[in-house]
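Engineer: Structure in structure tokens, see below.
The values are calculated or read from the model by the stated rules, or taken from the named source; none is laboratory data. Quick caveat, the model's predicted, so the values are computed rather than measured. Quick reminder, even Gly has a Cβ in these numbers, built from the backbone with ideal geometry, and neighbours come from all protein chains shown.
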Amino acid sequence: MACGAPLTGRKRKYCAPECRQLLLDTLNRRTGLLRALTTRYATFHFSEHLIALNVLPYGTETVYSFYLNRSQRRSPAEDFCTLSNSLGNAWWDEKRRTHKHYLASRFLLHEMADSKRAGQQFRPLNVSRPSVSGQSLILLKLGDGDLRQPDLESVIKRAFRSQAFQHHPDRGGEGMMFRRIHEAYQTLIQWARYPTFIMRRGFPDKWFYTGESNLWARPMSR
């Protein structure tokens, strides 16, 4: 669906990480319109039939939505370029006519978009994630939830003993794998003693833009 053709089998939107990266690169190359509209937050999402760009400008509680029907065999990145070009041309036409930046922006928002008051669903979620290597968790067969256990060091040590027992060279395991497991153990023990977190804002099902960074971010994992 993201590449312009329906994906068979499992219901997915992206065929490969490169497909997601292409969309992210396209969104980040086309932020001029959002800056012109003094955008605080924006979201972008797509279905098999349409794409939608939602904009919340600074100084207002109104969300403005722009839609475009999907083109056959075209990716949402290509359709987003079409929408962005159309809106950008309309903005510049009004800017040349009125010689006023704010009038061009007001024209675009009030004449070419659907609008509604911003509800709680448009407020981005703030999520903190442990700043620890996911590979370390995989090697010890642990998950993010295990990092929230009150006896975390004991949990890590038990997981290490279990994996070390299986992969120790004296028991027929590979030396390289055993060393990786030991390094993962050391990494996680260090994190347990001095935990740090990464803060992220966004939505689980929409690409998210903030005016303060002028960058788009991928949808958050559910």
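Engineer: Within the range 126-145, restricting attention to residues that are polar (S, T, N, Q) and part of a loop (DSSP other than H, G, I, E, B), which residue is nearest to Tyr185 (Cα to Cα)?
Structural biologist: Ser133
Engineer: Would you pick out the residues in the range 92-109 that are assigned to a loop (DSSP other than H, G, I, E, B) and either touching a Pro at 6+ places or on another chain (Cβ under 6 Å) or among the basic types (Lys, Arg) (or both)? Steps first, please.
Structural biologist: Looking only at the range 92-109, we keep the residues that are assigned to a loop (DSSP other than H, G, I, E, B), and these are 99-100.
Lys100 - this is the single residue of the range 92-109 that is assigned to a loop (DSSP other than H, G, I, E, B) and either touching a Pro at 6+ places or on another chain (Cβ under 6 Å) or among the basic types (Lys, Arg) (or both).
Engineer: With the requirement that a residue be surrounded by 12 or more Cβ atoms within 10 Å (Cβ to Cβ) and either among the basic types (Lys, Arg) or outside any helix (DSSP H, G or I) (or both), what does the range 166-187 give you?
Structural biologist: Those that are surrounded by 12 or more Cβ atoms within 10 Å (Cβ to Cβ) and either among the basic types (Lys, Arg) or outside any helix (DSSP H, G or I) (or both): His168, Gly173, Arg179, Arg180.
Engineer: Quick test of your reading of the structure: Ser71 fulfils all but one of (1) among the small types (Gly, Ala, Ser); (2) closer than 28 Å to Arg218 by Cβ; (3) assigned to a helix (DSSP H, G or I). Name the failing condition by number.
Structural biologist: Going through (1) among the small types (Gly, Ala, Ser); (2) closer than 28 Å to Arg218 by Cβ; (3) assigned to a helix (DSSP H, G or I) one by one, Ser71 breaks only (3).
Engineer: Could you please give the count of residues in the range 110-125 that are assigned to a strand (DSSP E or B) and within 18 Å of the chain's Cα centre (by Cα)?
Structural biologist: Matching residues across the range 110-125 total 1.
Engineer: Filtering the range 1-54 down to residues that are β-branched (Val, Ile, Thr) and modelled with pLDDT of 75 or more, which residue is surrounded by the fewest Cβ atoms within 10 Å (Cβ to Cβ)?
Structural biologist: Of the range 1-54, the ones β-branched (Val, Ile, Thr) are 8, 26, 31, 38-39, 43, 51.
Now drop any that are not modelled with pLDDT of 75 or more, which leaves 26, 31, 38-39, 43, 51.
Numbers: Thr26: 17, Thr31: 18, Thr38: 15, Thr39: 21, Thr43: 23, Ile51: 21.
If we take residues in the range 1-54 being β-branched (Val, Ile, Thr) and modelled with pLDDT of 75 or more, then Thr38 is surrounded by the fewest Cβ atoms within 10 Å (Cβ to Cβ).
Engineer: For the range 136-165, how many residues meet the condition of being surrounded by 12 or more Cβ atoms within 10 Å (Cβ to Cβ), modelled with pLDDT under 90 and out of contact with any strand residue (DSSP E or B) (no Cβ under 8 Å at 6 or more places or on another chain)?
Structural biologist: Count: 2.
Engineer: Looking at the range 184-222, which of its residues are closer than 17 Å to Leu137 by Cβ and among the polar types (S, T, N, Q)?
Structural biologist: Once the filter is applied, which keeps residues that are closer than 17 Å to Leu137 by Cβ and among the polar types (S, T, N, Q), the range 184-222 yields Gln186, Thr187, Gln190, Thr196, Ser221.
Engineer: Between a first residue in the range 42-65 that is within 16 Å of Ser105 (Cβ to Cβ) and a second residue that is of a type outside the set (A, V, I, L, M, F, W, C) and not in a strand (DSSP E or B), which pairs have beta carbons less than 6 Å apart while being 6 or more apart in sequence or on different chains?
Structural biologist: Close Cβ pairs (under 6 Å, with a partner that is of a type outside the set (A, V, I, L, M, F, W, C) and not in a strand (DSSP E or B)) amount to Pro57/Thr38; Tyr58/Thr38.
Engineer: Now, a different point. Mind counting the residues in the range 199-211 that are assigned to a loop (DSSP other than H, G, I, E, B) and over 18 Å from Arg30 (Cβ atoms)?
Structural biologist: Looking only at that region, the number is 3.
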